[in-house]
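Remarks on the structure that follows.
The values are calculated or read from the model by the stated rules, or taken from the named source; none is laboratory data. Since we're looking at a predicted model, the values are computed, not measured. For neighbour counting, all protein chains shown are included, and Cβ atoms are generated from backbone atoms with ideal geometry for every residue, glycine included. Remember, those area values only see protein heavy atoms, side chains included, never the ligands or the DNA or RNA. Shrake-Rupley method; radii C 1.70, N 1.55, O 1.52, S 1.80 Å.
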Amino acid sequence: MSRIWDISQPLHAAVPVWPGEPVFALHSHAVIGDGCPVNVGGMFTPLHAGTHGDAPLHYANDGASSADCELDAYIGPCVLLDVRHARGRVEISDIDWAAVEGAERVLLRTYEQFPHEQWDSDFTAIANDVIARLGSMGVRLIGTDAASLDPEQSKTLDAHQAVKAADMRILEGLVLDDVPPGRYELVALPLRIVGADASPVRAILREIA
Ligand SMILES: Nc1ccccc1C(=O)C[C@H](N)C(=O)O
Ligand SMILES: [Zn+2]
Ligand SMILES: [Zn+2]
């Protein structure tokens, strides 16, 4: 059996959410007891909480929702790059471009340690020319351990717009602390939520045999 790394954040009431967003909540609608044979829960989640995939609808009104996204970008070979040396934004000079050659999916590790406990407003964004160059090399999916490709205060979402131009897909909030850089198989499927601009994913990396 090849090794599997779970690169998903746990979803629970304390999962950090984008400032101003309501928090994640798991509710109990029924508990096992007299006359009730089952536990039954329900959940509320902001769509950009935890480890998630942005649907094109997030950054374009005519973009596909999570239910309408083709799944092929979200499953297949990928390369994980360590860019912990990047400051503020991941720039062209921060990337090992030789390692990207031939990759269809690229994941970037920016954090020394993923901030599970609190929202980090100073996460490391990605420069839009990095996205454009990845797109021109045939990359179809960009993933990051940061909360967004663009800085928290950005109103122009330059990196997201570069993703749109290259018709790539996005994963955000990955937990990459324990995974050595290198090549893996990625599986991170968005839920088929009709009209959703993003969706939680269970993201895993599988060792390539
Ligand atoms: N402004 C927001 C308010 C609430 C929730 C998310 C956002 C985002 O901007 C998400 C971000 N653009 C992202 O990369 O997914
Ligand atoms: Zn998002
Ligand atoms: Zn995003």
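Counting each DSSP H run of 4 or more residues in the chain as -39500 (n - 2.57), what helix-only mean residue ellipticity at 222 nm follows after dividing by all residues, to the nearest 500 deg cm²/dmol?
-2500 deg cm²/dmol
For the chain, report the translational diffusion coefficient in µm²/s to the nearest whole number, using Stokes-Einstein at 25 °C, 0.890 mPa s, and a Kirkwood Rh over Cα pairs.
Stokes-Einstein gives a translational diffusion coefficient of 139 µm²/s.
Collect residues whose amide H, placed 1.01 Å from N in the peptide plane, falls under 5 Å from the amide H of Ala55; neighbours closer than 5 in sequence don't count.
Ala198, Ser199
Among 90-102, 133-145, how do they line up from the highest to the lowest mean number of other beta-carbon atoms within 10 Å? Spell out each step's value before the answer.
On the way: 90-102: 14.1, 133-145: 20.5.
So the order, starting with the most tightly packed, is 133-145, 90-102.
How large is ³J(HN,Hα), in whole Hz, for each residue of the stretch 163-169 in order, when computed from phi with the Karplus curve 6.51 cos²θ - 1.76 cosθ + 1.60 and θ = phi - 60°, using x for Gly and Pro?
Per-residue couplings from phi come out as 4, 4, 4, 8, 6, 8, 10 Hz.
Which of rounded, prolate or oblate describes the stretch 59-122 when judged by the alpha-carbon gyration tensor and an a/c cut-off of 1.5?
oblate
Counting only heavy atoms of the protein chains, get the accessible area per residue of the chain (1.4 Å probe) and round it to a whole Å² value.
It amounts to 50 Å² per residue over the chain.
Using Cα centres only, tell me the gap between the stretch 108-145 and the stretch 4-79 in whole Å.
One Cα centre to the other: 19 Å.
Is the stretch 1-104 rounded, prolate or oblate when judged by the Cα gyration tensor, a ≥ b ≥ c being the square roots of its eigenvalues, rounded requiring a/c under 1.5 and prolate requiring a/b larger than b/c?
prolate
Which percent of the accessible area of the chain is formed by carbon and sulfur heavy atoms (probe 1.4 angstrom)?
Reported share for carbon and sulfur atoms: 53 percent.
³J(HN,Hα) across the stretch 89-105 via Karplus (A = 6.51, B = -1.76, C = 1.60, θ = phi - 60°), whole Hz, x for Gly/Pro?
So the J values, rounded to whole Hz, are 9, 6, 9, 3, 6, 7, 9, 7, 5, 5, 6, 7, 3, x, 7, 9, 9.
Contact order normalised by length for the chain, with contacts defined as Cα pairs under 8 Å and 6 or more residues apart; what percent is it?
Relative contact order comes out at 31 percent.
Give me the Kirkwood hydrodynamic radius of the stretch 94-148 in Å, from all C-alpha pairs, to one decimal place?
Evaluated over the stretch 94-148, this radius sits at 12.3 Å.
Work through the residues other than Val79 whose Cβ is under 14 Å from its Cβ and net out their charges, Lys, Arg +1 and Asp, Glu -1. Walk me through the numbers on the way to the answer.
On the way: positive: Arg105, Arg109, Arg140, Arg183, Arg206; negative: Asp82, Asp96, Glu101, Glu104, Glu185, Glu207.
So the environment of Val79 carries a net charge of -1.
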